[in-house]
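The next block holds one structure in the form of structure tokens; read it before the comments.
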């Protein structure tokens, strides 16, 4: 899952990014509203987190601008101002949730999971054929067999599973799972898809991860 964090306080941004990365999320950080607006309107995010007190465009105005671009991603507002009026303005601007700083990180993570939740299956499970992924517990099962994945393998599998039956280009997969990691090699998507096939498809039927020649990959029940 890819998250945009717009936060101008470097220490706070680094703390949140570290915590989210440890939970298998890919996180892009913008330190001002203009950069945040550019990223939000040019990159597909599963969640956008906005600080209210930004040096140029404040978070409430930024939220309005993002919604004006018809972007449906859930938005969480962060602010040090614990006032009802500010909360109402934030929610009226198009935000889905509002959290006052300082906050307990466990509560923050719970709210992130809530905003990312998909209601299709009980307990927020993702499933195709006999493959089951639990995004909260970070567990993967193929039938009765539990599969151990690295955090990046998990992030890749979760992304293609949430987009099952959709053909995803290598570029789109890379952007969503690796974000702005420019040091990553150009064939990293192919390498990790190969790892997933060994763990998820090998010795199992039906095969779920398919190559679309000259295009990319799709996860579907054959």
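The values are calculated or read from the model by the stated rules, or taken from the named source; none is laboratory data. From a predicted model like this one, the values you see are computed outputs, not experimental measurements. Cβ: placed from backbone, ideal geometry, glycine included. Neighbour counts: every protein chain shown.
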Mind listing whichever residues of region 16-25 are touching a strand residue (DSSP E or B) at 6+ places or on another chain (Cβ under 7 Å) and either part of a helix (DSSP H, G or I) or surrounded by fewer than 17 Cβ atoms within 10 Å (Cβ to Cβ) (or both)?
16, 17, 20, 21
Six or more apart or on different chains, Cβ atoms under 9 Å: show the pairs whose first residue is in region 145-164 and without any contact (Cβ under 8 Å) to a residue 12 or more places away in the chain and whose second is buried (at least 19 other Cβ atoms within 10 Å of the Cβ) and in a strand (DSSP E or B).
146/140
If I ask for residues that are more than 21 Å from the chain's Cα centre (by Cα) and part of a strand (DSSP E or B), which ones from region 196-219 would you list?
210, 211, 212
Of these, 71, 57, which one is assigned to a loop (DSSP other than H, G, I, E, B) and over 22 Å from residue 162 (Cα atoms)?
57
Inspect region 26-43 for any residue being within 21 Å of residue 107 (Cα to Cα), under 11 Å from the mean Cα position of the chain (by Cα) and part of a loop (DSSP other than H, G, I, E, B) and give the result as yes or no.
no
Criterion: over 30 Å from residue 204 (Cβ atoms), at pLDDT 90 or above and either buried (at least 16 other Cβ atoms within 10 Å of the Cβ) or not assigned by TED's automatic domain parsing to the domain that holds residue 161 (or both) - qualifying residue of 76, 53
76
How do the pairs read when you match residues in region 207-219 that are assigned by TED's automatic domain parsing to the domain that holds residue 174 with residues anywhere that are loosely packed, with under 11 Cβ neighbours inside 10 Å, using Cβ under 6 Å and keeping only pairs 6 or more apart or on different chains?
207/222
What are the residues in region 145-163 that are assigned to a loop (DSSP other than H, G, I, E, B), surrounded by fewer than 15 Cβ atoms within 10 Å (Cβ to Cβ) and either in contact with a strand residue (DSSP E or B) (Cβ under 9 Å, 6 or more places away or on another chain) or modelled with pLDDT under 90 (or both), if any?
148
Close pairs (7 angstrom Cβ cut-off, 6 or more residues apart or separate chains): assigned to a loop (DSSP other than H, G, I, E, B) in region 167-195, at pLDDT 85 or above and surrounded by fewer than 17 Cβ atoms within 10 Å (Cβ to Cβ) anywhere
167/212; 167/215
Matching residues in region 105-144 - criterion: being modelled with pLDDT under 90, over 21 Å from residue 222 (Cβ atoms) and assigned to a strand (DSSP E or B)
134
If you scan region 5-15, which residues turn out to be surrounded by 22 or more Cβ atoms within 10 Å (Cβ to Cβ) and either part of a helix (DSSP H, G or I) or in contact (Cβ under 8 Å) with a residue 60 or more places away in the chain (or both)?
7
